[in-house]
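Readers should treat all values here as calculations from the given coordinates under stated rules, not as data from a laboratory. In this text the structure is predicted, and so the values were computed from the model without any measurement. We place every Cβ from the backbone using ideal geometry, glycine too, and count neighbours over all the protein chains shown.
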Amino acid sequence: MTRLIVRPYRPSDAHAVTRLFQEVYGGHYVQPDVYLPNMISQHNTEGRWQSMLAVDGADVLGHAALCRDIPSNTAELALSVVHPAAQGQSIATRLGQELLMKSDALGLKSISIKQVTHHPYTQRMAGKIGFHSTGLLPDFVPSPFAEPLPETIVMGCHMIDGHARPLPDISWPASCRTFMQHLCSVFGTQQDKASRPAMPLQIKQQQHRFDIVIQRWNRRLLEQIRQLPRHWLISARLELSRHFARDMHSFSALGFAFTGLMPTPGDNGWFALFHRGVQSRSLNLHCAHMQRLHDDLQQNANAGSVAQNACQASELNTQQLLEANSRVSAIIGRFKVR
């Protein structure tokens, strides 16, 4: 084996990168672009991806990239993959460190990461290179490991030196105060800004769930969300503001659980994450705050299922009682006729 080298992507690497994803994930990786070498080259040529490789001679053994929309001063550390024969050499960590060192020169202010929860390695690696876990995205993508349950993701954020993404300086609800104060200690605080550029209301279906993005809501929108079908699994992103305590109470009344924060697309601001409906599962997460969010979500989902079953049972019992009363009335009617 020759000496392992970490270097930037070259146009001639595209087919080897595709082969690497095929060897590790088969056809199950959630980003289809990696299966088309032309797409890999196109993204890197246009600056949407900044790929870094770990190579041993002619063999590509590792890949990771900074992915962003152009123009943008934020990016995501993603597409991290290491060949099984090279695992245990901290290759993913080295690739991530190299990319983070390039971030300032690329004009980036913050980097996000989506950490898989199927295994703890990605979460340990993210913490090692300076990411802080901020929130959960439950049942977010089909499992790249061909598992029956979709993959839950831990969101992480890393601020480039000299830049900040503060949270509003407010009093946090007791149920999440420890976690939110922790994030405040990491990212800082500022007085909430009352006016922001308008953000359109969005709702999209993603696989088996519905994603809703909300900047501000009112009673009318609250009622409309209340009337959505009960069986829908919904992930909601609401811009974090000084009204968080009120917003959290309103979402809780609709059966949603709070699952943390994620950065907004711009260079400032946060989304508060809320989720309704989730697959029942046990996860052992590297971050204690994320573990608490997951456990609370599972308890909330179980409580909601029990309440819904009780409601359905009540409705069934009421219907049975009405049918029984109808039969009794019919019998009494026949006796009266006689």
Inset, instruction - For an R0 of 30 angstrom, estimate the FRET efficiency from the Cβ-Cβ distance between Leu228 and Asp69 and round to the nearest 0.05. - result: 0.55
Legend entry - Footprinting exposure proxy for Glu76, Glu223, Glu151 (fewest neighbouring C-beta atoms within 10 Å first): Glu223, Glu76, Glu151
Inset, instruction - Grab the Cα-Cα distance for Gln299 and His208, subtract it from 0.36 nm times how many residues apart they are, and report the gain in nm with one decimal. - result: 30.7 nm
Inset, instruction - Please say if the stretch 126-234 is rounded, prolate or oblate, where rounded means a/c under 1.5 for a ≥ b ≥ c the square roots of the C-alpha gyration tensor eigenvalues, and otherwise the choice is prolate for a/b larger than b/c and oblate otherwise? - result: oblate
Inset, instruction - Pop a pseudo-label 7 angstrom from the Cα along the beta-carbon direction at both Ile5 and Ser175 and give the gap in nm to one decimal. - result: 5.5 nm
Inset, instruction - Have a look at the stretch 222-294 and give its Rg and Dmax from the Cα atoms, expressed in angstrom. - result: 13.4, 37
Legend entry - Normalised contact order of the chain, rounded percent, pairs of Cα under 8 Å and 6 or more residues apart: 12 percent
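Rounded to a whole number of µm²/s, how large is the Stokes-Einstein D of the chain at 10 °C and 1.306 mPa s, given Rh as the Kirkwood radius over C-alpha pairs? Show your work: numbers first, answer last.
Working: Rh = 22.5 Å.
Calculated translational D: 71 µm²/s.
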Inset, instruction - Find out how many positive minus negative residues lie around Phe140, taking Lys and Arg as positive, Asp and Glu as negative, among other residues whose Cβ is under 12 Å from that of Phe140. - result: -1
Legend entry - Equivalent ellipsoid semi-axes, the stretch 68-112, via Cα gyration tensor eigenvalues times 5, rooted, Å: 25, 11, 6
Inset, instruction - State, to one decimal in nm, how far the label point of Ala146 lies from the label point of Thr45, with both points 7 Å from Cα in the Cβ direction. - result: 3.4 nm
Legend entry - Ranked list, fewest to most other Cβ atoms within 10 Å of each Cβ, for Tyr35, Tyr9: Tyr35, Tyr9
Inset, instruction - State the Cα centre-to-centre distance between the stretch 43-91 and the stretch 203-264 in whole Å. - result: 33 Å
Legend entry - Reach of Lys114 by Cα under 14 Å, taken over aspartates and glutamates that are not fewer than 8 positions away in the same chain: Glu76, Asp139, Glu151
Legend entry - Residue-count net charge about Arg48 - beta-carbon cut-off 10 Å; Lys, Arg +1, Asp, Glu -1: -2
Inset, instruction - Show that you can apply the helix-only estimate: for the chain, add -39,500 (n - 2.57) for every DSSP H stretch of four or more residues, divide by all residues, and state [θ] at 222 nm to the nearest 500. - result: -12000 deg cm²/dmol
Legend entry - Estimated vicinal HN-Hα couplings, Hz - the stretch 104-119 in sequence order (Karplus 6.51, -1.76, 1.60; Gly, Pro = x): 5, 5, 7, x, 8, 9, 8, 10, 10, 8, 10, 9, 5, 10, 4, 9
Inset, instruction - May I ask you to sort Ile113, Ile5 by Cβ crowding, counting other Cβ atoms within 10 Å and putting the fewest first? - result: Ile5, Ile113
Inset, instruction - Considering only DSSP beta bridges where both residues belong to the stretch 40-136, give the percentage that are antiparallel (nearest 5). - result: 75 percent
Inset, instruction - Can you find, among Pro37, His249, His163, the residue farthest towards the positive end of the dipole of the chain? Put +1 on the C-beta of Lys and Arg, -1 on that of Asp and Glu. - result: His249
Inset, instruction - Could you tally the net charge around Asp267, taking each other residue with its Cβ under 9 Å from the Cβ of Asp267, Lys/Arg +1 and Asp/Glu -1? - result: +2
Legend entry - Simple Cβ-charge dipole of the chain, Lys/Arg +1 and Asp/Glu -1, about Cα centre, in debye nearest 20: 1200 debye
